[in-house]
Every structure is written in C-alpha cells, then in structure tokens.
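This report refers to the structure that appears directly beneath it.
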Amino acid sequence: STLLRAICGLHPPASRKPTAPPQVDAPDRIGLVAQDAALSLNPFWSLGRQIDRARARGRERADLCDELRELQVTELLTRRPGECSGGQRQRANLARSLAGEPDLLLVDEPTAGLDARASRTVLQLLADQARRGRAVVIVTHDPDVAASCHRVLKLSMNRSVSSQIAAA
C-alpha cells in the first residue's frame, strides 16, 4: 500500500532529511485501486455516479459496458457502497479506475474479498489491460496472484530480494 501511494505521490518518501513534495506529472493518468474499497468510495454516492465522475473526457458510459459487464458491476450502478458486499465494492472500485483510462494502473491486493470466480475475472481483466499496453502494477501477498503476473519483484524490508519474468 505504501509503495503504491508513494508512486502516486500520496505518500512522502522515507528519509531523514526534508524533501520537497513529490511531483506527479500527470496524476489524472494514474489509476489507484486501493485494497479497502470501502474507504476509497464515497458512501453517499451511487457506484454509477462515482464511475461516471471518473470517466475520461469524451468517454461515455456505453464505452464501459464490456468492462462493467465483465466485472459484474452493471446491476450495481444504482447502489451505494454500503449496500454492496466487499467483493462488489472492490470490483466497482476497479471499474471506476478503469473508467479514467489511466496509463498506469496501481492495484493493491486486487483479489481481496473476492470469491474464486471473481478473482479469476479480475486477474484476467488486469492481464488484458496489460496486453493492451496499459502499465499495471499489482501489490499482493497472494502467491497465486503473483503467479499470474508477467514480472514479479519480491520486496523485503524495503529492498528487492528477487526478480523474475514469466516465460512467454
């Protein structure tokens, strides 16, 4: 979580000396899918309104239909986050980030709170996004999620301990 927040410029680097706040050249081109969707979504607005507000300029909701259907979010658009399960909120949170068409998608524990079927759907969708040229960074403790990634960088105590690239 801290790593993703630092990449976004939301978390200052750990340092003993004071530094200027990080500059993020295009924060609107970065999509952050936080682990706890309940804290990321506005509890007073419907999921549909939140997805609409996140849409990239010129992109209509109709353009999102495939992603919304694939994430099984279409039937949830009139609901508020509190009226949804944790897994439904997590899928809506991902849909909201994708609506903005970010160049870089940062995803924290994408399968947290999801059943096995929804987990497979989310991982497939993230893989599809990467194949289409979107940079996708996933933070996870789940070895099955890590195994689905093209490149895995293992960190321990803020240091890289291993790196591997999946065979093509």
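FYI, it's all coordinate maths here, none of it is from the lab. What you see is a predicted model; the values in this text were computed from it and never measured. Because the Cβ atoms are built from the backbone with ideal geometry, glycine has one as well, and the counts that use them run over all protein chains shown.
Using 0.36 nm times the number of residues separating residue 8 and residue 83, minus their current alpha carbon distance, what extension gain do you get?
Details: separation 75, 0.36 × 75 = 27.00 nm, distance 2.92 nm.
Here the segment from residue 8 to residue 83 would lengthen by 24.1 nm.
Near residue 139, the amide H atoms lying under 5 Å from its own belong to 107, 108, 109; only residues 5 or more places off or on other chains count, and H is placed 1.01 Å from N.
Relative to the present Cα-Cα distance, how much length would full extension add between residue 156 and residue 124 at 0.36 nm per residue of separation? Kindly include the intermediate steps, with their values, before the conclusion.
Working: separation 32, 0.36 × 32 = 11.52 nm, distance 2.71 nm.
Result: 8.8 nm gained on full extension.
Here the extension length gained between residue 142 and residue 163 equals 6.0 nm, from 0.36 nm per residue of separation less the Cα-Cα distance. Put a dot 7 Å past the Cα of residue 104, heading toward its Cβ, do the same for residue 65, and the two dots end up 3.4 nm apart.
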